[in-house]
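Step one of this worksheet: look at the structure below.
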């Protein structure tokens with residue numbers, strides 16, 4: 001796997017880390033998106049899905065065997081879930097005006113596993 005292919009994933013990881021550790025008072029309240037019920041869960045699904053897809057990409061473009069790619073996809077998605085759980089504890093314990101929400105963890109899992117489903121589907125199409 002080429003190191004350069006990891007760059008988008010690491011850039012997005014940095015962006016997600018910044019966004020997830022913003023103090024609650026820094027989150028804009030005037031945006032119309034805020035008024036959409038559970039909009040933050042949609043953001044979590046999208047953020048963790050994109051994060052996992054960006055880290056799946058290096059394996060997709062590599063010469064790894066099909067089994068190795070599958071293992072990579074599962075490991076990245078599991079890492080995405082663990083990152084989401086860890087960030088909820090960080091928000092609870094270290095970030096002002098933020099709290100722990102189990103529903104955010106569920107949304108992070110949906111995004112990470114959705115990315116896994118996409119990666120495995122693309123792998124199947126590539127092998128066909």
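Bear in mind that the values in this text are calculations on the coordinates, not laboratory data. The structure displayed is predicted, hence computed values, not measured ones. Quick reminder, even Gly has a Cβ in these numbers, built from the backbone with ideal geometry, and neighbours come from all protein chains shown.
Length gained on full extension, residue 120 to residue 89, computed as 0.36 nm times the residue gap minus the Cα-Cα distance: 8.2 nm. Projected label points at residue 67 and residue 3, each 7 Å from Cα along the beta carbon direction, are separated by 3.0 nanometres. Estimated from helical segments only, the mean residue ellipticity of the chain at 222 nm is -25000 deg cm²/dmol, where each DSSP H run of four or more residues counts as -39500 (n - 2.57). The order of 126, 101, 88, going from fewest to most other C-beta atoms within 10 Å of their C-beta, is 126, 101, 88. For mean projected area of the Cα convex hull in nm², which listed value, [x] 9.8; [y] 8.4; [z] 16.7, comes from the coordinates shown? Recomputing mean projected area of the Cα convex hull in nm² here gives the entry labelled [y].
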